[in-house]
Amino acid sequence: MSFDYDLFVIGGGSGGVRAGRVAAEGGARVALAEESRMGGTCVIRGCVPKKLMVFASGYRQAVIDAQEYGWDLTPGSFDWPRFRARLDAELNRLESVYRTNLARPGTTIHDQRATVVDPHTLRLADGTTVTARHILVATGGKPFVPDTVPGAELAMTSNDVFQMEELPKSILIVGGGYIATEFAFILKGLGVEVTQYYRGAQVLRGFDEEARGLVAEAMGHAGIDLHCGTDVERIEKRDGQLWVKASTGREACFDKVLYATGRRPNTEGLGLEAAGISLGRNGAVPVDAHNQTSVPSIFAIGDVTDRVQLTPVAIREGAAFVETVFKGNPTTVDYENIPSAVFTQPELGAVGLTEEEAREREPVDIYCAAFRPMQHAFIGRQERVMFKLVVAKESRKVLGCHIVAPGAGEMIQIAAVAVKMGATKADFDAVVAVHPTMAEEIVLMKQPVRSY
Ligand code: NDP
């Protein structure tokens with residue numbers, strides 16, 4: 001049977017573009033459909049614009065610190081329209097880089113929605129039908145807003161933050177995960193009054209408890225009004241603001257409300273069920289270790305599979321898919337010890353087991369140093385940093401590393417190499433400290449602070 005394409009990718013995000021490009025470079029006839037902008041969540045409405053906003057917001061504290069260090073500076077106000085114009089230009093540039101890289105090896109790009117008709121057929125929004133030997137679903141995720149809260153439709157999501165015409169004076173952020181916590185610091189740094197409601201006892205569930213505590217402490221120092229054990233009961237428009245009644249009975253008005261309550265696989269109306277795939281929890285596409293669905297010609301990678309919602313993981317899954325299907329080299333992604341960072345201020349970087357996870361599995365020693373770094377102590381800033389190693393008592397292997405500090409995202413990338421290699425505490429101890437740095441503590445911790 002002949003097909004129009006060897007591969008049809010639905011979704012031009014990080015995973016889909018990588019898979020499409022690499023398959024095309026290997027000689028496959030590839031088409032890719034994207035209904036929004038090329039680059040997907042990471043480039044257009046996620047990691048990239050978020051990180052640029054992290055940089056922008058960090059300058060307020062940097063100017064305050066600089067004053068303390070003797071510089072004659074004053075933090076003025078932040079010019080959002082000026083920043084946004086530059087941000088838009090940068091995202092346009094990146095989008096065109098993605099497009100060029102994809103088109104160079106001959107990929108056909110369809111700037112429209114594609115849906116699945118049957119295991120080898122797709123329908124494009126303009127009504128045309130195309131066939132493909134393999135279909136790769138890489139449609140990512142989309143923000144989830146609970147529909148149980150009256151008035152929640154008045155709130156915005158992270159998709160809208162980068163499009164705001166002006167910065168609000170006040171905002172309520174709902175949620176306590178990556179996005180909520182990162183935006184709390186970002187918006188506070190840009191001069192917005194930030195309140196955060198989180199239903200649980202402590203933000204950043206799933207991360208090391210001590211690390212979460214330190215980030216929450218930093219939120220207090222930054223002036224973020226964090227309310228744990230608090231959820232939204234209802235939202236109403238009142239006098240040009242949003243009135244919010246909380247589960248605790250608290251009532252308050254905000255210019256904006258931002259829901260950051262998780263992301264769900266983007267599969268609605270995609271036609272996968274009609275093609276024979278039963279969708280999983282929250283609409284996720286179930287796949288095996290080779291990213292193959294129950295329909296042999298249809299594969300899925302990235303957030304739409306709801307495995308690990310991280311860009312570099314989607315990229316690896318895309319590359320593994322091409323190796324397996326187009327290069328005859330069955331490849332799976334190794335999900336052990338994936339490092340990640342939360343771009344709070346200070347950042348939280350983590351790899352491997354948390355103290356809580358590790359002690360459930362085997363006897364462990366915990367090495368931890370939490371202190372005010374030299375740069376802060378000099379000017380009387382109270383924020384502390386933390387370096388922690390979770391070490392197996394018997395094998396002495398470092399099972400987890402957790403860092404809360406400026407630059408923790410950069411540091412954890414490097415520490416993760418050692419953890420992934422199976423380094424022991426003795427391997428860390430054998431390394432001479434780089435002095436004077438904060439990170440030298442990671443090789444200087446002699447006695448465990450706790451043992452289980
Ligand atoms: P998260 O899963 O990190 O957090 C969702 C938050 O919303 C949790 O605090 C959760 O509470 C809360 N929540 C969920 N449902 C409800 C509800 N019905 N009512 C009230 N609160 C609710 O999701 P995010 O949206 O922050 O981010 C999505 C994913 O994107 C992340 O999991 C991460 O993988 C990825 N990401 C990664 C980043 C990075 O690498 N730096 C940055 C941003 C996103 P509870 O804890 O109680 O469940």
Return the ratio Rg/(2.2 N^0.38 Å) for region 208-248, where Rg is computed over Cα atoms only. 1.56
Arrange the peptides 188-194, 286-292 so that the one whose residues have, on average, the most other Cβ atoms within 10 Å appears first. 188-194, 286-292
Rounded to the nearest 500 deg cm²/dmol, what is the calculated helix-only ellipticity per residue at 222 nm for the chain, with -39500 (n - 2.57) per DSSP H run of length n ≥ 4? -9500 deg cm²/dmol
In bins 10 Å wide, starting from 0, what share of all Cα pairs of region 273-381 does each bin hold, as a percent? 12, 29, 25, 19, 10, 5, 1
May I ask what percent, to the nearest 5, of DSSP beta bridges between residues of the chain are antiparallel? 60
Averaging sequence separations of C-alpha pairs under 8 Å and six or more residues apart, then dividing by the length of the chain, give the relative contact order as a whole percent. 15
From a point 7 Å beyond the Cα of I414 in the direction of its Cβ, which residues of region 421-439 have a backbone N at a distance under 11 Å? 434-435, 437-439
How many angstrom lie between the C-alpha centres of region 353-401 and region 229-282? 35
On full extension of the chain, what length is gained from E268 through F78, given 0.36 nm per residue of separation minus the C-alpha to C-alpha distance? 64.5 nm
Cβ under 15 Å from V161's Cβ, V161 left aside: what net charge do those residues give with Lys, Arg +1 and Asp, Glu -1? +2
Roughly what would the spin-label model give for D118 and T100, points 7 Å off Cα along C-beta, in nm? 4.2
Using amide H atoms built 1.01 Å from N in the peptide plane, name the residues 5+ places from I173, or on other chains, whose amide H lies under 5 Å from its own. T195, Q196, Y197, L258
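Using only the Cα atoms of region 27-94, what semi-axes does the equivalent ellipsoid have when each is the square root of 5 times a gyration tensor eigenvalue? Give whole Å, largest first.
Calculated on Cα positions only, the semi-axes equal 37, 12, 8 Å.
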Counted charge near A423, where neighbours are those whose Cβ lies closer than 13 Å (Asp, Glu -1; Lys, Arg +1): +2
Grab the other residues whose beta carbon is less than 12 angstrom from that of A274, score K and R as +1, D and E as -1, and report the net. -1
Which three lengths, in whole Å and largest first, does region 352-436 cover when its Cα atoms are put on their principal axes? 42, 26, 19
Using the Cα atoms of the chain to build a convex hull, what is its mean projected area in square nanometres? 24.6
Counting only C-alpha contacts under 8 Å and six or more residues apart, can you give the relative contact order of region 278-423 as a whole percent? 19
In whole Hz, the Karplus estimates of ³J(HN,Hα) for region 242-255 (6.51, -1.76, 1.60; θ = phi - 60°; x where Gly or Pro) are 10, 8, 10, 9, 9, 5, 8, x, 5, 10, 7, 10, 9, 5
Show me, for region 32-41, the HN-Hα J-couplings you get by feeding each phi into the Karplus relation (A = 6.51, B = -1.76, C = 1.60, θ = phi - 60°), rounded to Hz, glycine and proline as x. 9, 10, 9, 7, 10, 9, 5, x, x, 4
Provide the descending list of Cα extents for region 247-327 along its principal axes, expressed in whole angstroms. 58, 30, 20
With a bin width of 5 angstrom, please list the P(r) values of region 37-195 as percents of all Cα-Cα pairs, from the 0 bin to the one holding the largest distance. 1, 7, 13, 15, 15, 13, 11, 9, 7, 4, 2, 1, 1, 0
Hey, which lysines would be in cross-link range of K420, C-alpha to C-alpha under 19 Å, not counting anything within fewer than 8 residues on its own chain? K388, K393, K397
Rounded to the nearest 10, the angle in degrees between the Cα long axis of helix 14-25 and the longest principal axis of the Cα atoms of the chain comes to 50
With a 10 Å radius around each residue's Cβ, average the other Cβ atoms per peptide and rank 377-384, 224-231, 19-26, highest first. 19-26, 224-231, 377-384
Counting every C-alpha pair in region 309-452, the percent lying more than 25 Å apart is 35
Pairs of alpha-carbon atoms within less than 8 angstrom and 6+ residues apart define the contacts here; what relative contact order does region 58-200 have, in percent? 19
Antiparallel versus total DSSP beta bridges in region 189-293: what percent is that, nearest 5? 70
Nearest 10, in degrees from 0 to 90: the angle of helix 80-103 to the longest Cα principal axis of the chain is 40
What are the semi-axes of the equivalent ellipsoid for region 91-157, taken as the square roots of 5 times the Cα gyration tensor eigenvalues, largest first, in whole Å? 31, 21, 11
Points 7 angstrom from Cα along the Cβ direction at Q447 and D288: gap in nanometres? 5.4
Using alpha carbon centers only, region 82-116 is separated from region 165-197 by a whole-angstrom value of 28
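Quick note: the coordinates plus some simple rules give every number you see, no bench work behind them. Computed from a prediction, not measured in an experiment: that's the story for all the values here. Neighbour counts run over all protein chains shown; Cβ positions are idealised from the backbone, glycine included.
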